[in-house]
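Quick notes on the structure that follows.
The values are calculated or read from the model by the stated rules, or taken from the named source; none is laboratory data. Source: prediction; values computed, not measured. Backbone-built Cβ (ideal geometry, glycine too); neighbour counts: all protein chains shown. The accessibility values were calculated without ligands, DNA or RNA, using every heavy atom of the protein model including side chains. Shrake-Rupley method; radii C 1.70, N 1.55, O 1.52, S 1.80 Å.
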Amino acid sequence: MKLYRDALVLCDEGIGSTPILAKWMTETTGRPAHVIENALDDETLETAQRIRDSNEQYTKSQEDVIIVYGSGTKTHDIDFLSASEAIYNVLSKRPNVRLRIIGELNIEPRFDDLANRIERLPFTTFDGYLEKVASAHISIAPLEQTVFNDAKSNIKFLEASILGLPSVCSPVDAFKSAIIDGETGFLATSPDEWEHKLLALVDDQALRAEMAGKALESVFRAYSPEYIAQQQLAPLIRRFNNRKSNVSRILFANVYFAPQSFGGATIVAEEMAQRLAQKESVEVYVFTSWSNDGAPDYGVVRYDAKGATVFAVKVPVIRTRLMDVEDEAVGQVFEEVLNAIKPDVVQLHSIQTLGVALGSVCKAAGIPYAITLHDAWWLCERQFMVTGEGKYCFQTRIDPDLCALCVLDKSFNKQRTAIVLRGLFQADGLISPSRFFKQLHLYNGLRDEQIFVNKNGIKLPSAEYKRIPSKPIRFGYVGGSTPIKGYELVRQAFSALPECGIELVLVDNTLNHGYSSINADGMNAKNPVHIVPAYTQDTIDEFFSGIDVLLFPSQWKESFGLTVREALIRDVWVIATDAGGAVEDVVPGENGDVIPISNDSAYLRKAMEKVIENGNSLKNYSNPYKDRIRTFDEQADELLLYLMSLVKHEPVVVVDADR
């Protein structure tokens with residue numbers, strides 16, 4: 001209960017389903033609380049209509065009169081006592097009356113004498129429960145007079161009414177507000193009142209029919225979803241629909257987002273959302289995916305993270321390859337989010353799994369959107385232009401015939417290519433994180449003016465940051481045990497080095513999930529190997545201060561290369577392959593070494609040997625080109641200008657955009 005109370009206190013306002021609940025919420029928090037009563041949902045109304053229609057086909061027995069009581073939990077024993085004397089007397093005085101109990105209820109031993117007229121039914125489905133109630137004649141809802149029961153809703157009266165039954169209820173708060181005593185139902189306080197009013201209904205079939213009809217009419221009028229929505233919910237929601245004229249709404253879409261953070265693209269998306277959300281002129285929303293084994297496919301959760309309002313859709317675990325490219329069901333969910341937010345502009349950042357249907361939804365709604373050219377997902381089915389043999393294909397203008405030799409199904413690849421290219425060409429703008437990746441897409445039919453270079457930023461080191469030169473040179477590698485990041489090359493190159501007073505620090509990002517994917521003993525190295533968990537944006541300084549050289553032997557031409565910049569700005573020497581956008585800020589021989597992309601580890605080993613030979617030069621090394629590295633703040637400011645230019649349909653001019 002403490003957790004529930006803590007959650008309540010954190011809220012700005014409250015919603016209670018009864019006035020008493022709202023009153024106590026306000027007294028607890030000191031903040032406003034509103035009453036939005038429980039409405040009758042569409043499924044219940046449809047089920048009740050079907051039952052009423054079927055009941056019209058036959059007439060209920062007029063010889064026997066059934067009083068029905070539904071007990072949801074064992075806690076209702078004390079509630080039943082408030083009417084038990086009257087019910088016992090009615091059963092004793094009227095041999096044609098039967099009592100139907102649905103659910104668990106302990107009644108007094110004196111009812112044993114009437115056991116042949118007491119029907120007990122077990123818990124059942126909701127539809128089955130309604131059918132059992134509907135086949136009775138009178139519904140009862142006895143409740144002990146307590147504050148707890150005053151806080152309850154009047155759902156038992158609502159259910160009985162839509163099934164065509166009159167009700168006798170205790171006069172707790174919710175029943176008093178819903179029932180006109182003697183007209184739409186009976187309210188009974190004392191045992192005498194209970195007995196008198198039950199007998200009136202037992203003995204008068206016409207009264208039962210008249211009261212049931214008026215109850216049905218009143219409930220339809222006051223508790224339909226439409227009535228509650230318009231009369232109680234709409235006035236509350238209307239307060240939050242008034243958009244400020246000077247505030248722009250930006251919606252980001254990224255496959256992952258906090259707290260489900262994974263990969264460099266997610267780091268960039270989170271940092272952009274957080275920084276733009278801090279601006280008074282911007283509201284930030286995020287559309288992402290989430291995983292929960294118990295949640296229904298395409299269900300949505302809404303939460304706050306990184307200063308943004310996040311809508312996360314549960315994507316199916318079992319899916320086709322086409323669904324990763326174009327999932328119409330995700331598109332439908334995105335359309336609902338779009339209609340709710342009504343953003344001024346949308347940025348589709350990294351949307352594999354979410355799919356290109358998001359762009360089509362924006363287009364249909366007339367909302368401008370930009371696509372970030374992250375990885376080679378828009379050009380290559382394999383995403384990284386790496387063949388099944390783990391080799392970069394080195395294509396510039398993509399040749400479908402060549403790709404057909406690499407993919408599993410060339411007809412699917414042709415279909416996929418048509419879908420993603422259509423998505424690219426219909427976008428209002430395209431964003432490239434590097435000059436290299438812009439050029440790659442220009443080779444493939446896009447125009448220079450379509451693509452805006454918005455280089456990714458990085459988090460600046462803290463003012464206290466200082467790299468700690470180590471006596472043994474420490475090499476660091478953060479790419480995980482994947483071939484595409486060059487893990488095997490690192491293993492081979494480091495193992496080939498003789499014992500020479502060096503160390504290797506390997507980041508194993510699976511340690512954060514409770515298991516290890518890297519076996520240090522299996523490297524057969526002659527020098528020490530240390531395996532550490534992945535660093536976060538909060539611990540990044542600690543990691544880089546403890547290494548001298550970053551190994552980045554990526555096996556493909558990357559769109560950016562966040563890790564390289566994180567190292568360069570922290571005075572860490574970089575040995576990297578000629579990996580496209582990843583090495584645009586590396587000046588060979590001055591802040592790093594660039595080696596060819598190759599599956600031959602000799603290139604990496606020779607570069608490492610060169611560093612070892614000149615190890616003393618790293619002791620007081622400082623990167624002279626740190627000013628070339630862009631920060632997240634700079635990236636966010638430039639990104640905002642560009643996105644707003646799409647809203648205004650004006651070209652954006654940025655001085656030295658490729659700095």
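For this structure, a couple of remarks:
- Largest to smallest in accessible area, the residues His76, His34, His530 fall in the order His530, His34, His76 (1.4 Å probe, all protein chains included).
- Compactness index (Cα Rg / 2.2 N^0.38 Å), the stretch 504-571: 1.20
- Relative contact order (%) - the stretch 362-424, alpha-carbon pairs under 8 angstrom, separation at least six: 31 percent
- Once the 1.4 Å probe is applied to the protein heavy atoms, the stretch 308-390 comes out at 34 Å² accessible per residue.
- Accessible surface of Asp77 - all protein chains present, 1.4 Å probe, nearest 10 Å²: 40 Å²
- Accessible-area composition of the stretch 252-368, carbon plus sulfur, in percent [1.4 Å probe]: 51 percent
- Label-to-label distance, nm, for residues given as His34 and Asp77 (7 Å Cα→Cβ offset): 4.2 nm
- Just the protein heavy atoms count here, and of the accessible area of the stretch 509-648 at 1.4 Å, carbon and sulfur take up 47 percent.
- Here the sum of -39500 (n - 2.57) over DSSP H runs of 4 or more residues, divided by the residues of the chain, equals -11000 deg cm²/dmol at 222 nm, to the nearest 500.
- Centre separation in Å (Cα based) which lies between the stretch 562-638 and the stretch 72-120: 82 Å
- Order of exposure, largest accessible area first, which applies to Lys648, Lys156 with probe 1.4 Å: Lys648, Lys156
- Toward the positive end of the charge dipole of the chain, with +1 on the Cβ of Lys and Arg and -1 on the Cβ of Asp and Glu, the farthest Cα among Ser559, Ala305, Leu236 is that of Ser559.
- Normalised per residue, the accessible area of the stretch 73-194 is 43 Å², obtained with a 1.4 Å probe and no contribution from ligands, DNA or RNA.
- Student exercise, the stretch 248-341 dipole from Lys, Arg, Asp, Glu Cβ charges, in Debye to nearest 20: 220 debye
- Nearest 10 degrees, 0 to 90: helix 42-55 Cα axis against the chain principal axis: 30 degrees
- On full extension, the segment bounded by Lys466 and Glu210 gains 83.6 nm, given 0.36 nm per residue less the C-alpha separation.
- For the stretch 1-135, the relative contact order comes to 19 percent (Cα pairs under 8 Å, sequence separation of at least 6).
- About its Cα centre, the dipole of the stretch 63-176 is roughly 180 debye, where the only charges are +1 on Lys and Arg Cβ and -1 on Asp and Glu Cβ.
- With Cα atoms, 0 to 90° folded angle of helix 191-203 axis to the chain main axis: 80 degrees
- Put simply, when 618-628, 308-318, 417-427 are sorted by average Cβ atoms within 10 angstrom per residue, most first, you get 308-318, 417-427, 618-628.
- Between Lys410 and Thr631, the simple label model (points 7 Å from Cα in the Cβ direction) yields a spacing of 5.3 nm.
- Three-way shape label, the chain, alpha-carbon gyration tensor, a/c 1.5: prolate
- Taking the longest Cα principal axis of the chain as reference, the axis of helix 77-93 is set at about 30 degrees.
- For the stretch 41-140, the carbon plus sulfur part of the accessible surface works out to 49%, probe radius 1.4 Å.
- Hypothetical label at Asn616: residues of the stretch 532-571 whose amide nitrogen lies under 20 Å (7 Å Cα-Cβ projection): 548-549
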